[in-house]
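Okay, so here's the structure we're looking at.
Quick note: the coordinates plus some simple rules give every number you see, no bench work behind them. Just so you know, these numbers come straight off a predicted model, no measurement behind them. Cβ coordinates were reconstructed from backbone atoms using ideal geometry, including for glycine residues, and neighbour counts include every protein chain displayed.
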């Protein structure tokens, strides 16, 4: 079976600020169905993070449960994915908005670890040539992969080589999207391809 994902924005006390579902933007919910540069769904989350450091977990529905996060009416522990649905009326679900973040917002910044990724250096995974001869580059977007919490447990997850153990390394960290390279932060070489 395939694992579905939702990006979840959190306060420091693990209270959910916002979440989004890929279906609202015409995208699949499996990680590698939407984790590409220029993807409209990922751009919505980038817009929320533009110059706005926030804790992010790209939460899979197969993620481990934790009773500290919450329990359902039967007392069963939930994960963040389930908590979004369970407490849905009390949460701000992200809908609509501008999906064009622009090319100037090239830095995915981790303020927790003092690291950043330059999206313009992400390698090309594949090239599609349409009927008009136009080339479309497929490059993995670092934000969903770096912040996911349960990769490798279902179909549609990232199964490419990850020699530096990047995938999930920023889950729950304070992340922002920036137009300027942060000073004093270490650049991470996001070299994943599928």
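Side notes on the structure shown:
- Here the spin labels are modelled as points 7 Å beyond Cα on the Cα-Cβ line, and at residue 114 and residue 137 they lie 3.1 nm apart.
- Ordering of 169-182, 64-77, 138-151 by burial proxy (mean other Cβ atoms within 10 Å per residue, highest first): 138-151, 169-182, 64-77
- At full extension, residue 68 and residue 194 could sit 41.8 nm farther apart than now, given 0.36 nm per residue minus the alpha carbon distance.
- Within the chain, DSSP assigns beta bridges of which about 80% are antiparallel (rounded to the nearest 5).
- In terms of its C-alpha gyration tensor, the stretch 95-194 has an oblate overall shape, because the principal axis ratio a/c (a ≥ b ≥ c, square roots of the eigenvalues) is not below 1.5 and a/b does not outweigh b/c.
- Förster radius 30 Å - calculated FRET efficiency between residue 77 and residue 24 (Cβ-Cβ, nearest 0.05): 0.65
- Each of the peptides 183-191, 54-62 was scored by the mean count of other Cβ atoms within 10 Å over its residues; in descending order, highest first, they stand as 54-62, 183-191.
- With respect to the chain, whose longest principal axis is taken over its alpha-carbon atoms, helix 40-49 is tilted by about 70°.
- For q = 0.09, 0.19 Å⁻¹, Debye-computed log10 I/I(0) when each Cα of the chain counts as one equal scatterer: -0.32, -1.43
- Residues residue 165 and residue 13, FRET efficiency given R0 of 25 Å [Cβ-Cβ distance, rounded to 0.05]: 0.35
- Normalising the Debye intensity of the stretch 1-71 to I(0), with uniform scatterers on Cα atoms only, and taking log10 at q = 0.14 Å⁻¹ returns -0.46.
- For the chain, the 222 nm mean residue ellipticity estimated from helices alone, with every DSSP H stretch of n ≥ 4 adding -39500 (n - 2.57) and the total spread over all residues, rounds to -3500 deg cm²/dmol.
- Pairwise centroid distance, computed over Cα atoms, of the stretch 123-194 with the stretch 41-72, Å: 16
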